[in-house]
Structure formats: C-alpha cells, structure tokens
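Undergrad: Got a structure for you, written out below as structure tokens; questions coming shortly.
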Amino acid sequence: MRKPFIAGNWKMNNTRAAALELVNALKPLVADVSDVEIAVAPTFTCLQDVAEALKGSNIELSAQNISYAKNGAYTGEISADMLKDVGCTHAIIGHSERRQYFGETDHDVSKRVRAALDNNIIPIVCVGETLAQREAGKTSDVVLGQVENGLSSVKKEEAAKVVIAYEPVWAIGTGVTATPDQAQEVHAAIRLKLAELFGADNAAAMRIQYGGSVKASNAKELLGQADIDGALVGGASLKAADFSAIIHAAK
Ligand code: PGA
C-alpha cells in the first residue's frame with residue numbers, strides 16, 4: 001500500500017516572514033493527519049527558518065533543486081550537504097521550469113538524483129510533456145524517456161525511495177488540469193516503465209505524484225485514480241487553507 005504524498009512547491013515565492021506565516025498557519029490544519037506524507041519546498045533562503053518552524057510537526061522539508069556536485073566551483077548551486085545541514089529530507093529535481101528556463105537535461109537530472117540518493121535525500125523527479133508534444137502524440141515517448149534517462153543512475157535496491165511527479169507542462173500554473181483519466185493513463189504507463197527498469201515490486205512501491213493546477217476542488221478525483229499517489233502542488237500550496245484541503249482530500 002503506497003502512502004499518499006502531498007508536496008507543496010512554493011517556487012520563487014515568499015520571503016522569510018511570509019514563509020513562516022504560511023507554515024505556522026498550515027501546521028495546525030494538518031496536525032491530525034497521519035496517513036498522508038506531507039512536505040513543503042520553500043526557496044533556499046527560507047529553508048532554515050522553515051526547518052525550525054517545522055520541528056516536531058508532521059511536515060517534511062524539501063529543497064527545489066540540488067547540486068550534483070559535492071562542493072567547489074559551482075556558482076549558484078547548493079549541495080546535498082548544505083541541504084541536509086538545514087534539515088532537508090527531500091529535493092525536487094528536473095522541474096519543468098528548470099528544464100524550460102535553465103536548460104536542465106535528463107542527464108543533469110540523473111546526476112542530481114545520484115547526489116540526492118548518495119546523501120539520503122529523497123528525490124522528487126519531475127517529468128511531463130509540453131502541449132505541442134501531447135498534440136503530436138508524443139506524450140508517452142517524452143515522459144517515459146524522461147523517466148528512463150532521469151533515473152538512469154538509480155540502483156534497483158534504492159528505487160523504492162524515489163518519488164516521481166508527472167506534471168504535464170500545459171497544466172502547470174495554467175488552471176487547466178489533466179482530466180483524471182488523462183493523468184491515470186500516463187501514471188499507469190510510468191509504472192509499467194518503472195517495472196521494466198526496477199522490477200514489479202519496486203514499481204508497486206514507488207509513489208507517482210500528479211502535478212499541474214491541483215486544487216481543493218479537483219484533488220479528490222485525481223487522487224482517487226489507481227496510480228496517482230499524491231500531488232506536487234504549486235499555486236495552491238501558497239495558501240494554508242487550500243493546501244490543507246488538498247492534503248485532507250488525500251486521506
Ligand atoms: P501549479 O504548479 O500547481 O501551480 O500548476 C505545479 C508545479 O509546478 O509543481
């Protein structure tokens with residue numbers, strides 16, 4: 001049985017005071033939730049303050065990226081050691097915004113995933129097709145290619161820890177959500193690919209989140225699909241009540 005996992009990707013929002021206000025508002029709303037794993041991913045500058053605020057709570061801390069390098073001359077990057085030092089347990093890797101605006105490739109993703117796993121940080125690996133790719137009938141090729149190449153550094157015995165987030169690029173921040181059927185179809189295909197790569201038992205254990213305009217009003221139906229094991233939530237994670245409603249919908 002896979003435990004649903006809801007993560008909030010705050011993207012480039014919130015200074016420290018706003019970040020603290022948000023987590024402090026969220027904590028009591030989800031304090032009674034034990035059957036759903038919960039994480040928030042603030043910007044790097046807020047991680048330490050948010051980590052302090054989350055101590056003793058049921059909310060985990062994720063980074064929005066992680067360097068593949070251990071340390072050294074990598075201006076602008078943040079290493080796994082640094083993330084662990086401020087209390088991160090998870091890192092989002094290969095988000096479509098990183099791929100689109102910052103040129104990250106599947107090869108970068110696989111290196112970042114390796115660095116995360118080597119340092120006991122759970123990677124949340126994002127995959128998803130653009131609208132043009134979907135319309136050209138290339139959704140499975142694109143998404144399954146991203147899964148295979150992005151996870152090429154993962155060993156069979158560690159696969160079960162890895163979280164995948166299927167986020168159709170056309171659904172991110174647009175208000176347009178994949179229908180539950182559209183999402184389930186891709187999630188099922190991803191799980192088959194995971195079985196091919198890591199074996200059926202690992203594939204059955206791995207969580208696949210859906211992301212792209214998830215909100216309280218559509219969460220229940222999406223999360224009710226057989227292969228949708230949680231959500232990576234952007235916009236709606238910036239309001240404690242909205243994010244909490246999504247978490248409660250996952251119970
Ligand atoms: P959204 O973002 O919920 O605002 O569409 C999701 C994401 O990019 O992770």
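We did not get these values from a lab; they are worked out from the coordinates using the rules stated. Predicted, not measured: the structure shown is a model, and the values here were computed from it. Note that each Cβ is placed from the backbone with ideal geometry, even for glycine, and that neighbours are counted across all protein chains shown.
Undergrad: Relative contact order of segment 182-229, please, whole-number percent, based on alpha carbon pairs below 8 angstrom and at least 6 residues apart.
TA: 46 percent
Undergrad: Another question about this same structure. Within segment 25-129, list the GluC sites (Glu not before Pro) lying in a DSSP loop whose Cβ has at most 11 other Cβ atoms in a 10 Å radius.
TA: none
Undergrad: Moving on. Please build a GNM for the chain, connecting alpha carbons under 10 Å apart, and tell me which residue among 146, 209, 100 fluctuates the most.
TA: 100
Undergrad: Also: Name the helices (complete DSSP H segments) of the chain with a Cα length along the long axis of 15 Å or more and a Kyte-Doolittle mean of at least -0.5, or state none.
TA: 16-30, 139-150, 180-198
Undergrad: Can I ask one more? To the nearest Å, what is the center-to-center distance of segment 98-122 and segment 178-251, using C-alpha atoms only?
TA: Between the Cα centres of segment 98-122 and segment 178-251 lies a distance of 21 Å.
Undergrad: Continuing with this model, one more query. Give 11/251; 11/84; 111/239; 3/27; 111/138 a once-over and call out the pairs whose C-alpha atoms are over 29 Å from each other.
TA: 111/239
Undergrad: R0 = 45 Å: FRET efficiency of residue 57 with residue 201, Cβ-based, nearest 0.05?
TA: My answer for the efficiency is 0.90.
Undergrad: What distance in nm separates the two pseudo spin-label positions at residue 89 and residue 157, each 7 Å out from Cα along the beta-carbon direction?
TA: For residue 89 paired with residue 157, the spin-label model returns 2.3 nm.
Undergrad: Give me the extension gain from residue 225 to residue 82: residue separation times 0.36 nm, minus the current Cα-Cα distance, reported in nm with one decimal.
TA: Extending this stretch completely gives an extra 47.8 nm.
Undergrad: In segment 5-250, with Lys and Arg counted as +1 and Asp and Glu as -1 at Cβ, which of these residues, 72, 218, 126, has the Cα nearest the positive end of the dipole, that is, farthest along it?
TA: 72
Undergrad: At 0.36 nm per residue, minus the direct Cα-Cα distance, what do residue 217 and residue 118 gain on full extension? Give it in nm, one decimal, please.
TA: 31.8 nm
Undergrad: Who wins for biggest fluctuation among 91, 216, 17 in a Gaussian network model of the chain, springs between alpha carbons below 10 Å?
TA: Between 91, 216, 17, it is 17 that shows the largest mean-square fluctuation.
Undergrad: Please tell me the relative contact order of segment 5-250 in percent, rounded to the nearest whole number, where contacts are Cα pairs under 8 Å and at least six residues apart.
TA: Relative contact order here is 20 percent.
Undergrad: Ranking 47, 223 by Cβ neighbours within 10 Å, fewest first, what do you get?
TA: Ascending number of Cβ neighbours within 10 Å: 223, 47.
Undergrad: Charges at C-beta only: +1 for Lys and Arg, -1 for Asp and Glu. How large is the resulting dipole of segment 109-198 about its Cα centre, in Debye rounded to 20?
TA: 320 debye
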